[in-house]
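Engineer: Submitted below is the structure of interest, expressed as structure tokens.
The values are calculated or read from the model by the stated rules, or taken from the named source; none is laboratory data. Quick caveat, the model's predicted, so the values are computed rather than measured. Neighbour counts run over all protein chains shown; Cβ positions are idealised from the backbone, glycine included. Surface areas here come from the heavy atoms of the whole protein model, side chains and all, with no ligands, DNA or RNA. Shrake-Rupley method; radii C 1.70, N 1.55, O 1.52, S 1.80 Å.
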Amino acid sequence: MDDGTEQAGRAPVIAVLGSVNMDLVTTVTRRPEPGETIAGRDFATVPGGKGANQAVAASRSGGRVRFLGAVGTDVFAPRLRETLDAAGVDTGRLRTVDGPSGIATIVVDDSGENSIIVVGGANAAMTELTDDDLAVIAAADVLLCQLELPVPTVAAALRHARANDTLTLLNPSPVRELAPRLWAEVDIAVVNRGEARRLGAVLDGVPHVVTTLGGDGARHRGPDGTRLSVPGFAVPVVDTTGAGDAFTGALAVAWHRGPQDALRWACAAGALATTALGASAAVPDRAAVAALLREELPRSLPEKFE
Ligand code: ADP
């Protein structure tokens, strides 16, 4: 149970099929007008991408994570790979493809408003799965996907998982229209409030729907119509970026304990992820999650994993 260990059995094996990005974050007083050059205040390169963020979260939460995705041949690629390695994610199937890695150019102004340009780069080159990728999916307990890779690739992965009794978890972000037969391959959908609203009735046919509610926690609707809610944890919030990814990765690892325990575990992970700046700076490890669940404050906040 919520002791933060998986000693009762082997750690769940999670195959994550998803994006890897380098976020190039510039802070400015105000964003430039077209044609204008301004001085920025600060700049940081922050490893990201929903796939990579969720893989790191799942690994730190105690899962054995195997990553399926791609980086480019640019200067960012080694650091992106190292970030996954450092978190204990198996990158043996992380491909290198010619050209840039996935890049998100982010400009944040003083009012907190941001503008983001995403270049798919190597992520966009993930147009098919190899036999080795398919073998990883078939051998996993859970396949975890988002929608930052080409949709036909995600669809093929979900189909193969279903055919091999691997549980499928889809975080349909960024939201886009998907063929009904793709939804039919999803066992668990994890959505935030905005995504739940936009997807609406599409989610009705998914056996398990988990909706995250920011500071209010999360709720679950099961196949038999059962519903449960888990309240949020009160933590000193610094930055909520990446909370959803921390929640989703942790949920994939804890799912085998049943929705109630899994949602509590994931809510604790999501809450801890809000306690430091940046999407990847505060992804908690399982000891920190377990400590919060015991309603103690962690002795120290999770260290930066970068
Ligand atoms: P997203 O980041 O995808 O928009 P949410 O904002 O719903 O998703 O956050 C995901 C999860 O992170 C929530 O279910 C909750 O467990 C945790 N979380 C987010 N914001 C807070 C907060 N202010 N306080 C405590 N927990 C939070």
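Engineer: Does S115 qualify as being open to solvent by 10 Å² or more (accessible area, probe 1.4 Å), not in a strand (DSSP E or B) and not basic (K, R)?
Structural biologist: Taking the combined requirement at face value, the residue does not satisfy it.
Engineer: Moving to a separate point now. Please find, within region 160-181, the residue that is farthest from G217 (Cα to Cα) out of those that are of a type in the set (A, V, I, L, M) and open to solvent by less than 10 Å² (accessible area, probe 1.4 Å). First the steps, then the outcome.
Structural biologist: Of all residues in region 160-181, those of a type in the set (A, V, I, L, M) come to 161, 163, 167, 169-170, 175, 178-179.
Add one more test, that the residue is open to solvent by less than 10 Å² (accessible area, probe 1.4 Å), and what stays is 161, 169-170.
On the way: A161: 29, L169: 19, L170: 19 Å.
Looking at the filtered set, the residue picked out is A161.
Engineer: From the list G72, G48, G18, exactly one residue is modelled with pLDDT under 95 and surrounded by 13 or more Cβ atoms within 10 Å (Cβ to Cβ). Which is it?
Structural biologist: G48
Engineer: Looking at A104, A157, A122 in this structure, which one is assigned to a strand (DSSP E or B), open to solvent by less than 10 Å² (accessible area, probe 1.4 Å) and not hydroxyl-bearing (S, T, Y)? Quick ask: steps written out before the conclusion?
Structural biologist: Values: A157 fails: assigned to a strand (DSSP E or B); A122 fails: assigned to a strand (DSSP E or B).
Exactly one residue qualifies, and that residue is A104.
Engineer: Pairs, please: C-beta under 6 Å, at least 6 apart or cross-chain, first residue within 29 Å of T29 (Cβ to Cβ) and in region 87-116, second part of a loop (DSSP other than H, G, I, E, B) and polar (S, T, N, Q)?
Structural biologist: G102/S19; D110/T29
Engineer: For region 256-272, which residues satisfy the criterion of being near the ligand (Cβ under 8 Å from one of its atoms) and within 16 Å of V142 (Cα to Cα)?
Structural biologist: Correct list: A266 only.
Engineer: For the condition touching a Lys or Arg at 6+ places or on another chain (Cβ under 9 Å) and buried (at least 17 other Cβ atoms within 10 Å of the Cβ), what is the one hit in L203, L144? Before you say what the answer is, go through the steps one by one.
Structural biologist: Numbers: L144 fails: touching a Lys or Arg at 6+ places or on another chain (Cβ under 9 Å).
Result: L203 is the single residue among L203, L144 that is touching a Lys or Arg at 6+ places or on another chain (Cβ under 9 Å) and buried (at least 17 other Cβ atoms within 10 Å of the Cβ).
Engineer: Name the strands (runs of 3 or more DSSP E) wholly within region 181-255 that hold at least 1 residues that are small (G, A, S) and within 8 Å of the ligand (Cβ to nearest atom)?
Structural biologist: 218-221
Engineer: With T241, T211, T226, T274 as the choices, which residue is more than 23 Å from N21 (Cβ to Cβ), of a type in the set (S, T, N, Q) and surrounded by 15 or more Cβ atoms within 10 Å (Cβ to Cβ)?
Structural biologist: Values: T241 fails: more than 23 Å from N21 (Cβ to Cβ); T226 fails: surrounded by 15 or more Cβ atoms within 10 Å (Cβ to Cβ); T274 fails: more than 23 Å from N21 (Cβ to Cβ).
Criteria check complete, one pass: T211.
Engineer: Taking the conditions exactly as written (in contact with a Phe, Trp or Tyr (Cβ under 8 Å, 6 or more places away or on another chain), farther than 20 Å from D74 by Cα and touching a residue at least 12 places away in the same chain (Cβ under 8 Å)), does V142 satisfy them or not?
Structural biologist: yes
Engineer: Quick one: which residue in A77, A11, A39 is exposed (fewer than 15 other Cβ atoms within 10 Å of the Cβ) and hydrophobic (A, V, I, L, M, F, W, C)?
Structural biologist: A39
Engineer: Which pairs have Cβ atoms under 6 Å, sit 6 or more apart or on different chains, and link a residue in region 251-265 that is over 18 Å from C145 (Cβ atoms) to one that is assigned to a helix (DSSP H, G or I) and at pLDDT below 95?
Structural biologist: Listed pairs, sorted by first residue: none to list.
Engineer: So if I check each of V142, V107, V56, which one is closer than 26 Å to I188 by Cβ, β-branched (V, I, T) and in contact with a strand residue (DSSP E or B) (Cβ under 6 Å, 6 or more places away or on another chain)?
Structural biologist: V142
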